[in-house]
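The block underneath contains the structure these notes are about, expressed in structure tokens.
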Amino acid sequence: MNFKEFEELINSGAEEIVLTEDIFISDEDNSKSFEISLDVDNLIIDGNNHTIESVNCEFEIRGDNITFKNINFKDIENLSTIKNKGYLNIENCNFDSYHIFATDSKLNLFNSHINCKKFLKNNLVSPIEGIVSENSILYLNNCNVTGISCIDSELEINNCFIENVPDLGYSGISSNKSLLKLNNCDFKDLGNRIIIQESSVDFDDCNFADSKYIDISYSSVNFCDCNFTNNKSPHNGGAIYASNSTVKLINSNFDGNSSIKVGKVIYSQDSTLILDACEFREELNDIVVNRASHDDVERDECIIIKNTKFKGHHQIITTENILLEGNIGLMDENIKIIKDTQFLTDLISSNQKEINLDNYFFIKGIISINADNLVIDGCGNTLDGNRSKYSGFIIIGENITLKNINFKNISTESYEGSVIFNKSRSLKIENCSFENISDWVNGRAIYNYDGHILIENSLFKTNVAAIGLDNGGAIYNHLGSIDIKNSDFIDNHTGHNGGAIYNFNGNICIFRCNFKDNCSKYLGESYMINYGGAIHNDHGQIEVYQSNFKDNFVFGGGDAIFNEGEMNLKRCNFEGRDSDVIANKGILSLDDCKFSNDNVILNNSMLCILENQKNYLNNFISNDFGKIHYISDVETIPNKNNFKYLDDLINSKDCPEITLSCDIIVGNEENDYFDKGIEINRDNLVIDGNGHTIDGNLISSIFKIESKNITLKNIIFKNALYTINGAINASDAKINLENCIFKSIVSLPQKDVSDKSSSIFIENSHLELINSKFDDGIGTALSSHNSSINILSCEFESIESIDANIIYIKNSAIKINNSSFLKNHGNNRLIYCSDSSVDISDSVFENNLMGIAGIDDSSPSRSNRFKNCIFNGNVCVEPLCKLTSVNNRKFSFDGCNFINNSISIRGLIFFVNMSLFISNCCFENNKSFEFLPNKLINGNNHIYLKSCIFKNNQHFSALIKANRLNIRDEEYDSLKNYLDVKYVSSIVCLDLSDKNNLILESNIFLEDSLKINNDLIIDGNNKKICCTFKEIHINSNVIFKNIIFEDAKINNSKNLTLENSFFEGSVSLVNAGEFTLKNCEFENDCLINNKGTVILIDGDKKDVLRDKKIGLYKNVEDDEEEVGLGLDALFGGL
């Protein structure tokens, strides 16, 4: 029988069809796309164990009480479908490459088997569940199904077996907003996780084996008498992952389940987890993990454990308190309460000097340690990153100690890909371990950026940076210094150079450490040569003592060490494969080192060895165009040329220009002699650093200059320290600084001389500062007394100045052009000028955590300005710009943009006794209201505004406060740009505290309501206030005179006098106080809503007002109907 004949049989009107033969595809069937519609009721199709063989056939069920039984459905190529939109019963049927789709229907299955294979569409393999239900009611009994998907459905399953091949990727059950009951069902070999979303599900006497985990979210799920065996998760929760749900397990067993991350068996996030009479046979740690987000969302998450057995120790980890009931095996040693990032951050911010961690911690996010003198003792506990990205610590504070902490499972993409990003000059890491740290950029466990670290008795294991051009599998040292003692580096990997350690222009000392199985090997798609299986020294200095290197590997040069800097190895042992264990392209010194028989030292540069060891070492040296220097005693490779060397060059009188060919660093033995720096007493000298560094080693200043025409260029000034000046101190000098960098300069303020403590201090001098940068210093960058300064194209970034200003100018003149001030922080100001002239143009002030300018001047003759500057994203407590004078000094802002700044007290610009000129400026999205009611511009004297824009600023009271406000725009609606439409509560020119008189000098256009809160006489000078029905609120004693009002709407609650004024358009007056009219004219009708007293001074105006039909509404209650009373009621007593 073919399909056409079968369709005719269905539509014949018979109530029962019994097949006597198979139904197959014929040539006649192939002529059309075959769809069979069953739009009949009460029909039974009994296949009599025959087969319906199809190709992409579709049965659409529309009738009620349709029954398929004893039929074998088979699709020989693709996937056929039964679409049920009615009421369908299926008994004793087999479906091969079929799936059933139920929509708004009822479906019953008994003793049937649904085997749904891969569905090939457009050459793409797409797995389809055996049954898909939407808004339907399903009942399954004694069935085998490859998968079931439910949406807004009710489903009951009894005695069913749900199994599919893992590579098909089906979910055994996928439930969304559904109600499910499953009894005595088996789930096995599921290719994808069971998904339960926003559903209520009961599992009773079910088995879950050899499958992926059950993913539960926003649902309520009960498991009773269930077994979970050998299930796995590539993430968290080998058997069950629950999020924002309630999960209850009763009398259930777990055996052999596992996950890659935490929660080897059960992982519960922001959920309630109940374990009642369960048994866990896994011996792993952390098999049950319960976490809360602590994101201020109210939840009742908790974990309740009753009469449950555990086999191992430390198997339960929870962020919440745990409720225990009944007999719980090994529970005394089994529970660890864990904490999260916010808890740890709060501890660090609590100003404690020592923190003891007594819990397991999950960390997600960046934790910054800014405090000084802090000890964090992990007490052997773990900080677990749970493989979350962007996690780690930034160390900025000084004298920080981390000890007894286990760092593991952290995968971070922030701060150079490190768990610890260090900028501190005194960080100690003691008895810590770093395991399974991985990411995509440089440095895995530790990235040391120009700081100093002491590492003792620690472990670095299986830290991976194996993708791309990554350097330093465990440690990346950038321009800093590290001392490492008694520590182990095992099985660390990098995709580029330095399997364990990468040193770039830094200093490292290693003592009694072990390096084993570290590797540098590119794992990308293309071929690449790598260097330094354990250590790569890139133009830095490394000393290694009494350490062991074994079985390290590189796909390039130097299985153990690759050196292209300066390196000393003393009493070290090397073992490994038959290759170059050390590759040298720098200066390498060997003293009493041992090598295995087949090791090779590949020398391409300078190798220094003791004379008495050359016979032994020559057996291992492969000299490839390199040189060997034999010395009679241990010769330490010289570090860098010291200050004495540079001092000798400077005092060579016949040398007008010095070009450095190396870095310069002050030696410890030179501290007493050069503590104030190298003295320059000769004129006409140029020192070209050629990009090299002059390092004060945090014990000395660098230059003391008392001469003319000194040029310092292309120099990196680093680690200068002095209590009076940091790097350069100049007196009676003329200096040019070009293309210089001031890095990590420390200037420590002393009592009574804090204004002189700076990276550069000049007195009675002239300074040209061009194209230079101040970066990451502490204290004042530039201080000037009685001098002149020109700053051009310079950068001031990341300077910390707690008790000082970053630029301090006294009795001087400063010009700043095309410069930037970025990310500086402190509690004073970026620029403070005392009795000085200031001209700052075309510069950027962005993301600073401190005030920008402080001007304090007693001279009325000087005028100062900011021109074409940008103030963006700065945050401070005090005003951004604080300007004070005793003689009405002039200060101007021309073409400046103030955007996204936040100020807590007194406003964006605060001025006293100043004439403030603001023109062509934009004020947008600034905030000035956090602690005290503020104005955006707040001061005591005159403001002259011209062509400015105020937009979306936030402030409690007036936009601008001043004794006198002058609007220079000539347009009729000149003032509208000075109003903040959303936040204004008072007009700019009427919030006055010290003056009671105001004369308008231009027309005013109201875009928002106007509140007058202080006693005031406003003389309009015959100018116009155009209200456009915006209300004027009178909350004090106010007199308006000589004003033309247009479309006025006035609400008086105190005492208002209108004198010699004219009202155009419609007028609405609401009075709840005393209201006086004197010599006023009204163009049209006036409506008065009176709840107080109205007084007319000019009785002769009564007839005029009557002619204008002024209506009076007197003593009107809010809930009464308004009644017109007429003029006699208003003026009857006059």
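Please treat every number below as a calculation from the coordinates, not as lab data. Computed from a predicted model, the values in this text were never measured in an experiment. Positions of Cβ are generated from backbone atoms using ideal geometry, with glycine treated the same way; all protein chains shown enter the neighbour counts.
Which order do peptides 869-875, 780-786, 909-915 fall in by mean Cβ count within 10 Å, highest first? Write out the running numbers ahead of the final one.
Numbers: 869-875: 20.6, 780-786: 25.1, 909-915: 22.4.
The packing order, highest mean first, is 780-786, 909-915, 869-875.
In a Debye calculation with equal point scatterers on the alpha-carbon sites of the range 655-834 and no solvent, what is log10 I(q)/I(0) at q = 0.09, 0.17 Å⁻¹?
The calculated log intensity ratios at q = 0.09, 0.17 Å⁻¹ are -0.26, -1.01.
Give me the extension gain from residue 177 to residue 511: residue separation times 0.36 nm, minus the current Cα-Cα distance, reported in nm with one decimal. Don't jump to the answer; show the numbers that get you there.
On the way: separation 334, 0.36 × 334 = 120.24 nm, distance 6.21 nm.
Extra length available between residue 177 and residue 511 comes to 114.0 nm.
To the nearest 0.05, how large is the calculated FRET efficiency for residue 690 and residue 605 if R₀ is 22 Å and r is the Cβ-Cβ distance?
On the way: r = 21 Å, r/R0 = 0.98.
FRET efficiency, residue 690 to residue 605: 0.55.
Can you list the residues of the range 862-895 with backbone N under 16 Å from a point 7 Å past the Cα of residue 952, pointing along Cα to Cβ?
In the range 862-895, the label zone of residue 952 (backbone N under 16 Å from the point 7 Å along Cα→Cβ) covers 872-874.
Ordered by packing density, taken as the mean number of other Cβ atoms within 10 Å over each peptide's residues, highest first, how do 1027-1034, 658-665, 87-94 rank? List each step's numbers first, then the result.
Details: 1027-1034: 18.5, 658-665: 16.2, 87-94: 20.2.
Put in order of decreasing packing, that is 87-94, 1027-1034, 658-665.
Taking 7 Å along the Cα-to-C-beta vector as the label spot, tell me the residue 768-residue 457 distance in nanometres, rounded to one decimal.
5.9
Peptides 580-592, 365-377: what's the order by average Cβ count within 10 Å, highest mean first? Display every interim value, and only then the final one.
Details: 580-592: 23.0, 365-377: 16.9.
Averaged packing, sorted descending, gives the order 580-592, 365-377.
Is the C-alpha gyration tensor of the range 460-572 telling us rounded, prolate or oblate? Criteria: a/c under 1.5 is rounded; beyond that, a/b larger than b/c is prolate, otherwise oblate.
Prolate.
Extension gain residue 615-residue 645, at 0.36 nm per residue separation less the Cα-Cα distance, in nm? Working shown, then result.
On the way: separation 30, 0.36 × 30 = 10.80 nm, distance 3.67 nm.
So the extension gain works out to 7.1 nm.
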